[in-house]
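The structure appears right after this line, and notes come after that.
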Amino acid sequence: MVNNNSTLYNKTYTEKIVGIERYSTPELSGIGGIYKHSFKDFIVKEILDNGKVLEIKEDYPSSAFSEELKDNYTSFNLIKLNKDTFEAIQSIKNALTIPYESIYYSGLKDKCSISVQRVSIRGNYIDELKKLRIRDIFIRSIGPSKKSVNLGSNWGNKFIITIRNIEKSQHLKENITRLCDKLNKNGFPNYYGLQRFGTFRPNSHILGRFILERKYKEIFDEFVLRTYPTESSEAQSSRNELKITGNLKEAYNSFSKGLNYERTMIKHLIDFRNDYKGAVDKLPAHLIKLLISSFQSYLFNKMISLRMNKGYSLFEPVKGDVISILDDNNGNATQIRYIYGGLYDKYLKEALELNRAAIVVPLIGFDTNLDEFPLMKQFFNEIIEQESFDEEIFKSELLMKHDFKGSFRTITVKPLDLKVLEILEDDKFPDRMKVKFEFSLQKGSYATILLREIIK
């Protein structure tokens, strides 16, 4: 049985921790309910940069691999059931005994889902892939290619999502229609979703900040000792026991194998007492980069929330906003930017209304010049004061090492053709309703942030 009060508490608790504080449609009631009750309720289909939507059951015949035609890669559709992308790629890597660096994909897909995405492997693996059998992984539309799939090379993703356990109401259809109309017209906040920070332990941004501040003891305490009500009771128990006893050897044995990073840090401290810097240095470079990126994402979320908390619209520009012109092909923000509040305001407003421009917010890096973002500079300075950190951390050599130069991101995102496919009696929850939605989003935007506007 689902405890809706507990679920709501956990969601609100974790969202606030990562800077998600407001809805863009507060005047409209949400429909309630839950998503991801089953992985079958969350379908994700990758949209290639040419606009083609990958279908789960499509399976085109393969042509022969030809080195003469400069075929360098084997590309295929990866369909996975209730597995995250890393896990699926790892399984394929192990089965083919190839290095991880030989596999290329465009982006990560939700674990609790049925998803399809394009993947490439360097070399000719057509025959091996045809014979490959891995539980809950299907490989289709195998063929040679001259180029590999690259990170971020897709346009986005198409979603078919079922929200369940919705209270029956004579106004349900009317409420859904109002929400869809508003979200299709204006879009919603382009927040980074909980997946970016850790759904069960939403602290990757806290760790990222500590890494930039070189607070190694604090990193260990946050990573290993701090508990979150959203994680498993077993994990909470292990962390609390270590916090009370300080017995590292017992902790190393009691922490589950799934807490691999924690166990690695504990093992280092067993061998080198109080060497917290050495323990942090044991963490892989890709994880350090991910944690720093999460801190960057947190500041972005906070700037959006602060803007709304101060009563500024997400959809109407104000003096000091930065407007980016969108490219003609994919609608992505470009480096052509203007500061609102000058001679071009009339044209910028027209471009915004025609979906040819968007308000953007900086992603802070070592090369970010906040003078180029006048309004957001004010908000960022307020956040620095609230959070009590030193702006000097953005001069850390770690930002340069991991190429965090700084960028910007649109403040809102519009779904492509958000619509309702069906409203039915829920077959899993008696005397409740379920609603199936379909929509597409550009890469980098989160379906879960759209769903929170609908559910509330």
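The values are calculated or read from the model by the stated rules, or taken from the named source; none is laboratory data. Not measured: the values here are computed from a predicted model. FYI the Cβ positions are ideal-geometry reconstructions off the backbone, even for glycines, and counts take in every protein chain you see.
Among the conditions (1) modelled with pLDDT under 95; (2) closer than 15 Å to residue 119 by Cβ, residue 50 misses just one, which is (2).
In region 116-135, which residue that is over 13 Å from residue 88 (Cα atoms) and hydrophobic (A, V, I, L, M, F, W, C) is surrounded by the fewest Cβ atoms within 10 Å (Cβ to Cβ)? Only one residue tops the list, namely 126. Kindly indicate whether residue 113 is in contact with a Phe, Trp or Tyr (Cβ under 7 Å, 6 or more places away or on another chain) and buried (at least 21 other Cβ atoms within 10 Å of the Cβ). The answer is yes for residue 113. Looking at the structure I just gave you, is residue 172 farther than 30 Å from residue 241 by Cα, touching a residue at least 40 places away in the same chain (Cβ under 8 Å) and more than 25 Å from the chain's Cα centre (by Cα)? Spelling it out, residue 172 is indeed farther than 30 Å from residue 241 by Cα, touching a residue at least 40 places away in the same chain (Cβ under 8 Å) and more than 25 Å from the chain's Cα centre (by Cα).
When 36, 45 are checked against the criterion of being over 30 Å from residue 312 (Cβ atoms), within 18 Å of the chain's Cα centre (by Cα), at pLDDT 90 or above and part of a loop (DSSP other than H, G, I, E, B), a single residue qualifies: 36.
Selection of region 439-449 for residues being out of contact with any helix residue (DSSP H, G or I) (no Cβ under 9 Å at 6 or more places or on another chain), over 18 Å from residue 31 (Cβ atoms) and either of a type in the set (A, V, I, L, M) or part of a loop (DSSP other than H, G, I, E, B) (or both) yields 443, 444, 445. Of all residues in region 195-239 being aromatic (Phe, Trp, Tyr) and touching a residue at least 24 places away in the same chain (Cβ under 8 Å), which is nearest to residue 289 (Cα to Cα)? My answer is 197.
Comparison of 194, 287, 225 shows that the only residue that is crowded, with 20+ Cβ neighbours inside 10 Å and under 28 Å from residue 393 (Cα atoms) is 194. Consider region 421-438 and keep the residues that are touching a residue at least 40 places away in the same chain (Cβ under 8 Å), charged (D, E, K, R) and assigned to a strand (DSSP E or B). The one that is nearest to residue 167 (Cα to Cα) is 434. Consider region 24-56 and keep the residues that are touching a residue at least 24 places away in the same chain (Cβ under 8 Å) and among the charged types (D, E, K, R). The one that is farthest from residue 168 (Cα to Cα) is 49.
The single residue among 239, 307 that is touching a helix residue (DSSP H, G or I) at 6+ places or on another chain (Cβ under 8 Å), assigned by TED's automatic domain parsing to the domain that holds residue 404 and among the basic types (Lys, Arg) turns out to be 307. Only one entry in 269, 212 is more than 29 Å from the chain's Cα centre (by Cα), at pLDDT 95 or above, crowded, with 18+ Cβ neighbours inside 10 Å and not assigned by TED's automatic domain parsing to the domain that holds residue 17, namely 269. Evaluating residue 454 against the criteria (1) surrounded by fewer than 17 Cβ atoms within 10 Å (Cβ to Cβ); (2) touching a Leu at 6+ places or on another chain (Cβ under 7 Å) leaves one unmet condition, (1). Counting only strands (runs of 3 or more DSSP E) that fall entirely inside region 92-208 and contain at least 2 residues that are under 21 Å from residue 57 (Cβ atoms), the qualifying elements are 114-122, 137-145, 156-166.
Considered as a group, the residues in region 86-110 that are among the acidic types (Asp, Glu) and in contact (Cβ under 8 Å) with a residue 24 or more places away in the chain include one that is surrounded by the fewest Cβ atoms within 10 Å (Cβ to Cβ), and that residue is 87. Go through region 10-62 and give me each residue that's over 17 Å from residue 445 (Cβ atoms) and of a type in the set (Asp, Glu). Passing the criteria: 21, 27, 41, 55, 58, 59.
Which one is nearest to residue 208 (Cα to Cα) among residues in region 271-284 that are of a type in the set (A, V, I, L, M, F, W, C) and without any contact (Cβ under 8 Å) to a residue 60 or more places away in the chain? In this case the residue turns out to be 283. Among residues of region 10-48 being surrounded by 15 or more Cβ atoms within 10 Å (Cβ to Cβ) and acidic (Asp, Glu), the one that is farthest from residue 202 (Cα to Cα) is 46. Residue 400 fulfils the conditions (1) assigned to a helix (DSSP H, G or I); (2) at pLDDT 95 or above; (3) farther than 22 Å from residue 192 by Cβ except for a single criterion, (2).
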